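See below for the structure under consideration.
None of the figures in this text is laboratory data; all of them are computed from the coordinates on show. Here the structure is a predicted model, which is why all the values come from computation and not from measurement. Here the Cβ positions follow ideal geometry from the backbone for every residue, glycine too, while neighbour counts run over all protein chains shown.
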Amino acid sequence: MARERFQTLTEPMYYILLALTEECCGVDIMEKVSEISGGRVIVGPGTLYAMLSKFEATGIIRRTAEEGRKKSYIITSHGKKMLNDEYERLKRMIRDGDAVIEPQSVSEL
């Protein structure tokens, strides 16, 4: 069976979608990703615009405005469901890790 596209999100994808819970343009998205992640995740223009194109083509986000080269986007209900599913998947991974790692000391690993 073929794997569904965007079944799991990469870290940049996840943060781009978090940023798009509010309408914003590309430059704002890059700034918000850095802000939300505390500067840990940096999304360059090449990655960002490739992802925006793929997200828009699959209905995960929609374009809300276009003024010259400046385009604004926001997440769709489909995108919100994907983001929430990924959030829940990550929480499950943390719980699973806690069950294994917490009982052991770091030196035992």
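Determine the gain in length on full extension of the stretch ARG62-SER34; use 0.36 nm per residue of separation and subtract their C-alpha separation, reporting nm with one decimal.
7.9 nm
Kindly provide the helix-only [θ] at 222 nm of the chain, computed as the sum of -39,500 (n - 2.57) over DSSP H runs of four or more divided by all residues, to the nearest 500 deg cm²/dmol?
-17500 deg cm²/dmol
Using Cα pairs under 8 angstrom and six or more residues apart, how large is the relative contact order of the chain, in percent?
Taking the mean separation of contacting Cα pairs over the length of the chain, I get 25 percent.
Length gain on complete extension for the stretch GLU23 to VAL41, per 0.36 nm per residue less the alpha carbon to alpha carbon distance?
4.5 nm
Can you check what the net charge comes to around ILE61, using other residues whose Cβ is under 11 Å from the Cβ of ILE61 (Lys, Arg +1; Asp, Glu -1)?
Every neighbour counted, the sum reads +3.
Which trypsin sites (Lys or Arg not before Pro) from the range 17-109 combine a DSSP loop assignment with at most 10 other Cβ atoms within 10 Å?
Sparse-neighbourhood loop trypsin sites (Lys or Arg not before Pro): ARG40, ARG69.
To test your reading of the geometry: what angle, between 0 and 90 degrees and rounded to tens, separates the Cα axis of helix 77-101 from the longest principal axis of the chain?
Between the helix axis and the principal axis of the chain, the angle is about 20 degrees.
For the chain, build the charge dipole from Cβ charges (+1 Lys, Arg; -1 Asp, Glu) around the Cα centre, then report which of THR8, THR76, GLY97 sits farthest towards its positive end.
Towards the positive end, the residue furthest out is THR76.
Could you work out the local net charge near GLU22, counting Lys and Arg as +1, Asp and Glu as -1, over the other residues with Cβ closer than 11 Å to its Cβ?
Combined, the nearby Lys, Arg, Asp and Glu give -1.
Hey, got a sec? Which GluC sites (Glu not before Pro) in the range 11-90 land in a DSSP loop and have at most 11 other Cβ atoms within 10 Å?
Qualifying residues, ordered by number: GLU22.
Looking at (i) 10.9; (ii) 9.0; (iii) 6.3, which value of mean projected area of the Cα convex hull in nm² comes from a calculation on the structure shown?
(ii)
Magnitude of the Cβ-charge dipole of the chain, K/R +1 and D/E -1, about the Cα centre, nearest 20 debye?
About 440 debye.
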